[in-house]
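What follows is a set of notes on a single structure, which appears directly below.
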Amino acid sequence: MTTIRRSRPDEGDRAVEIWRGAVDATHDFLSPEDRLSIEEMVRGFLPQAPLWLAVDANDYPLAFMLIDKGHMEALFVDPACRGTGIGAALVRHGLTLHPKMSTDVNEQNSQAVGFYEKMGFKHIGRSPLDGQGKPYPLIHLKYGE
């Protein structure tokens, strides 16, 4: 059984571990240098971020989501749990809080693009660069648009 709850301060290392595993499994388009640079940034903010966690019956975090003002900034699932519905459960939870939630997804991450489309998100725009100005195009999505 999976439960969704807020993260606690002592779960930062596990969140970074989930992030690392998920990125290594899905973001093969990142250059090694950019991958390391992003991890450095993530280590600096993720442990203190107000995350929603999907936890197992033993309260062990399996996935997390970060929402800021109705925009889903992050959704990462432990690679061992991909395809089990945990990511969809987190998104559905986010939509109960923010019915018109938006998010951005790397265009090169076709699995993620398909996931969000299947969840009912619609394309509302595209940026040729990511938030750090790197050549990783983003697709802007919004639920129900």
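Quick notes
- Accessible area per residue, Å², the chain with all protein chains present, probe 1.4 Å: 54 Å²
- Taking 112, 80, 15 in turn, the Gaussian network model of the chain (Cα-Cα springs below 10 Å) assigns the largest fluctuation to 80.
- Partner lysines for residue 118 [C-alpha distance under 25 Å; skip if fewer than 8 residues away on the same chain]: 69, 100, 142
- Nearby lysines by direct alpha-carbon distance to residue 134 (threshold 21 angstrom, same-chain neighbours under 8 apart not counted): none
- Within a Gaussian network of the chain (alpha carbon springs, distance under 10 Å), most fluctuating of 122, 69, 100: 69
- For the chain, built as a Gaussian network whose Cα springs stay under 10 Å, the top-fluctuating residue of 54, 25, 88: 25
- Rounded to the nearest 20 debye, dipole of region 1-88 from Cβ charges on Lys, Arg, Asp, Glu: 340 debye
- Cα-only Debye scattering, region 77-145: base-10 log of I(q)/I(0) at q = 0.18 Å⁻¹: -0.72
- Solvent exposure ordering (accessible area, 1.4 Å, most first) of 126, 5, 20: 126, 20, 5
- The packing ranking, built from the mean of other Cβ atoms within 10 Å per residue, places the peptides 56-63, 103-110 in the order 103-110, 56-63, highest first.
- Whole-percent pair-distance distribution, where bins are 10 Å wide, for the alpha carbons of the chain: 11, 43, 39, 7, 0
- CD proxy at 222 nm, helix term only [per DSSP H run n ≥ 4: -39500 (n - 2.57); per residue of the chain; nearest 500]: -11000 deg cm²/dmol
- Shown for the chain: the carbon plus sulfur share of the solvent-accessible area, taken with all protein chains present and a 1.4 angstrom probe, equals 54%.
The values are calculated or read from the model by the stated rules, or taken from the named source; none is laboratory data. Note that the structure is a prediction, hence the values are computed from the model and not measured. In this analysis, Cβ positions are derived from the backbone assuming ideal geometry, glycine residues included, and neighbour counts consider all displayed protein chains. To get the accessible areas, we keep the full protein, side chains included, count just its heavy atoms, and leave off ligands, DNA and RNA. Shrake-Rupley method; radii C 1.70, N 1.55, O 1.52, S 1.80 Å.
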